[in-house]
Amino acid sequence: MANSRPPAGLTGLALLNNSQYNKSTAFTEDERERFKLRGLLPAAVSSQRLQTELIMENLRRKAYDIERYILLMALQQRNERLFYRVLLEYIEEIMPLVYTPTVGQACREFAHIFRQPRGFYITPTDRGDIFDILDNWPERDVRMIVVTDGERILGLGDLGANGMGIPIGKLALYTAFAGIPPAQCLPVMLDVGTDNQMLREDPLYLGTRQPRLRGADYLALVDEFVAAVQLRYPRALIQFEDFLTPNAYTLLNRYRNKALCFNDDIQGTAAVALAGVFAACRTTGKAFETLKILFLGAGSAATGIGDLVQFALVAAGLTPDQARKRLWFADVDGLLVAGREGLAPHNRPYAHDASPAGVIEAIERIKPQVLIGATGSPGAFGERIIRTMASINERPVIFALSNPTERAECSAEQAYRWSEGRALFASGSPFAPVLMNGKTLKPGQGNNAYIFPGIGLGALACQATRISDEMFLKAAEVLADSVADDDLRQGSLYPPLSQLREVSLKIAAAVAEVAYRQGLAKAADRDIRIETIRAMMYDPVY
Ligand SMILES: NC(=O)C1=CN([C@@H]2O[C@H](COP(=O)(O)OP(=O)(O)OC[C@H]3O[C@@H](n4cnc5c(N)ncnc54)[C@H](O)[C@@H]3O)[C@@H](O)[C@H]2O)C=CC1
Ligand SMILES: CC(=O)C(=O)O
Ligand SMILES: [Mg+2]
């Protein structure tokens, strides 16, 4: 779906300054004449291909990734089709810049690298006005919203309004991999203050300089936001992103049956991890329903995975109780067991009858085939943990899901070295291939970026009314099926990033099918073939 023709009257400098229609030096002679561009551009007529090479030349010349990020954001602001073309053509190189890990640094330094506003900011003083001020947003047909309050940005903690980098980055992936047109995407920051004192004292900080709004006032603000979105953009899907665990669950439970929404950190992460586990079973030969999984970390990312694995085990024939008993969690205080004081509601189903234990003892006792880390705690998978997993499993499955790279529970190289190259390893942020015993091992990236674009595209394609657990289970199955035997042989549990657009399409078609089956789709036209959905997708080529 190329939208190359500028609207009538958009000519001259205004056209060159319009990121949606700007082609810069690629405007043809004829277009220069028609759009009153003569004299405003150098003589040479370039092509988008050449422009892409120019961007890559400039990008590679930069000394630091954060500078590359700044360059790419500037490109997105002035020529969005070129930005998406670069992203799609050089995905392995660009994705780590616009997404994890560099987006983490960008959020930390957000106020210091700020050039131009992007997205929509809502503060506590907007209470009562949210519907009205949404009218200030120039687009009328918003379909995809990613919203955060910045309290748990990746594994970096409370970054307040600096967290806006995350909705911007996630939506860039929505456009690149799910073909959601940029004009239909809205990044939102619920800037309810920050408890990060350093930020509040930074003279350049751009957010609300007050402690976080909490309790009833916080919920009232989010309620008003969701209601305003439903009125203003009735077809929009809301993706909750990087909320701190108690709020993440509270908001998901509050809106999942009332609005078209999901929580990416709970549900998207769950599906990508489950897909990795499914794929690992192909290598290990173990039956999925016989696995035992130990989670390090018991926050929303980890228990979100637990909940979906349980759902999948029940779908595979186990009772809910049998399924839960295969899933164990350990957090900073050790193994989660029944009787522990102060357990959060999301932890209670997994607090089994057992005596307390540290992680090593828990591994020796439970003998899990799969170890999944979602701690935000760098190095949480120390050498002894990996060696213990490797001593009880021929092919230990190890996921270090925390982002960005500096927060990973262990590196790919460590997981392979400490398991003599036997680990089936995936990580939230990318790691380079590792040479082990003459064999190159390519770790896959276990990141919800493999899931949310397809979920969103599928939901929008069939005008879903709600997002269900079945959709995430289906997405996990489709993703796992997309892993080629060659990928598995090289050690990756995920398809290469270069296949993300095709994978998202397959997930979208499958999600739409589930929506129809569950009576959750409004679109009258039941044509949910991949080619029909592909035709709806934004194409950045001029
Ligand atoms: N790869 C992916 O797609 C995704 C990765 N994540 C990552 O998951 C991480 C956690 O996110 P949340 O669950 O929201 O955080 P959270 O703060 O709610 O939970 C962290 C949990 O880890 C535990 N923990 C911390 N240090 C530990 C240690 N050294 N040993 C054992 N347990 C430890 C804490 O007790 C807590 O239970 C973040 O770093 C985030 O980047 C989140 C979503 C998606
Ligand atoms: C990937 C992601 O959503 C996170 O680390 O929060
Ligand atoms: Mg997240």
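The values are calculated or read from the model by the stated rules, or taken from the named source; none is laboratory data. Because the structure is a prediction, the values reported are computed rather than measured. Note: ideal-geometry Cβ built from the backbone for every residue, glycine included; neighbour counts use all protein chains shown. The accessibility values were calculated without ligands, DNA or RNA, using every heavy atom of the protein model including side chains. Shrake-Rupley method; radii C 1.70, N 1.55, O 1.52, S 1.80 Å.
Rolling a 1.4 angstrom probe over the chain with all protein chains present gives an accessible area of which 51% lies on carbon and sulfur atoms. Amide hydrogen proximity for F295: with H placed 1.01 Å from N in the peptide plane, the residues at 5 or more positions away or on another chain lying under 5 Å are W328, F329, A330, I372. For region 396-509, the antiparallel share of DSSP beta bridges with both residues in that region comes to about 35%. Residues whose amide H falls under 5 Å from that of A464, counting only those 5 or more places apart or on a different chain, are K522, with hydrogens built in the peptide plane. Shape summary of region 267-447, radius of gyration then Dmax from alpha carbon positions: 15.1, 50 Å.
Residues in region 68-200 average 31 Å² of solvent-accessible surface per residue, probe 1.4 Å, ligands and nucleic acids excluded.
So, counting K/R as plus one and D/E as minus one, what does the shell of residues with Cβ under 13 Å around F329 add up to? After counting each charged neighbour, the total is +3. The radius of gyration of the Cα set in the chain, together with its Dmax, comes out at 23.3, 79 angstrom.
Taken over region 450-534, the ratio of Cα radius of gyration to 2.2 N^0.38 Å equals 1.10. Within the same chain, lysines fewer than 8 places from K258 are excluded, and of the rest, those with a Cα less than 17 Å from its Cα are K522. Taking all Cα pairs closer than 8 Å and separated by 6 or more residues, the relative contact order of the chain comes to 14 percent.
Normalised size of region 35-123, defined as Cα radius of gyration per 2.2 N^0.38 Å with N residues, equals 1.23. Close amide-amide hydrogen proximity is noted between A357 and L335, each under 5 Å apart and 5 or more residues distant or on a separate chain (H modeled in the peptide plane; Pro and chain starts excluded). Computed from the C-alpha gyration tensor, the three semi-axes of the ellipsoid equivalent to region 249-300 are 28, 13, 9 Å, from longest to shortest.
Between 0 and 90 degrees, the angle of helix 269-284 with respect to the longest Cα principal axis of the chain falls at about 60 degrees. Dividing the convex hull volume of the alpha-carbon atoms in region 116-160 by its residue count gives 111 Å³ per residue. Taking the DSSP beta bridges with both ends in the chain, the antiparallel portion is around 15 percent.
Once C-alpha pairs closer than 8 Å and six or more residues apart are averaged by separation and normalised to the residue number of region 450-534, the relative contact order reads 45 percent.
Which log10 I(q)/I(0) values does region 199-286 give at q = 0.15, 0.22 Å⁻¹ under the Debye formula, counting every alpha carbon as one identical point scatterer? The computed values of log10 I(q)/I(0) come out as -0.75, -1.10. In degrees from 0 to 90, rounded to the nearest 10, what is the angle of the helix 215-232 Cα long axis to the longest principal axis of the chain? The answer is roughly 50 degrees.
The value for region 102-259 of Rg(Cα) / (2.2 N^0.38 Å) is 0.97. In order along region 59-75, the Karplus-derived 3J(HN,Hα) couplings, from 6.51 cos²θ - 1.76 cosθ + 1.60 at θ = phi - 60°, round to 4, 6, 7, 6, 7, 10, 4, 5, 5, 5, 4, 4, 4, 5, 5, 5, 5 Hz, and Gly and Pro are given as x.
In order along region 293-304, the Karplus-derived 3J(HN,Hα) couplings, from 6.51 cos²θ - 1.76 cosθ + 1.60 at θ = phi - 60°, round to 10, 10, 9, 9, x, 9, x, 5, 5, 5, 6, x Hz, and Gly and Pro are given as x.
A Förster radius of 41 Å, combined with the Cβ-Cβ distance separating E67 from K36, puts the computed FRET efficiency at roughly 0.75.
Spin-label model, Q518/R200: points 7 Å from Cα along the beta carbon direction are separated by 4.1 nm. Electrostatic bookkeeping for D129 treats Lys and Arg as +1 and Asp and Glu as -1; over the other residues with beta carbon under 12 Å from its beta carbon, the sum is -3.
Under 16 Å Cα to Cα from K506, which lysines show up? Leave out anything in the same chain fewer than 8 places away. In chain and number order, the partners are K474.
Working note: Karplus 6.51/-1.76/1.60 with θ = phi - 60° gives region 417-422 the couplings 4, 6, 10, 6, x, 8 Hz, where Gly and Pro are set to x. What does the charge add up to near Y69, with Lys and Arg as +1, Asp and Glu as -1, over the other residues with Cβ less than 10 Å from its Cβ? Around Y69, the surrounding residues sum to -1. Can you tell me the orientation of helix 383-392 relative to the chain, as the angle in degrees between its alpha-carbon axis and the longest Cα principal axis, to the nearest 10? The two axes meet at around 60 degrees.
Summed over the residues of region 457-500 and divided among them, the accessible surface reaches 33 Å² per residue at a probe radius of 1.4 Å. Averaging 1/r over each pair of different alpha-carbon atoms in region 254-333 and inverting the result gives 13.4 Å, the Kirkwood hydrodynamic radius.
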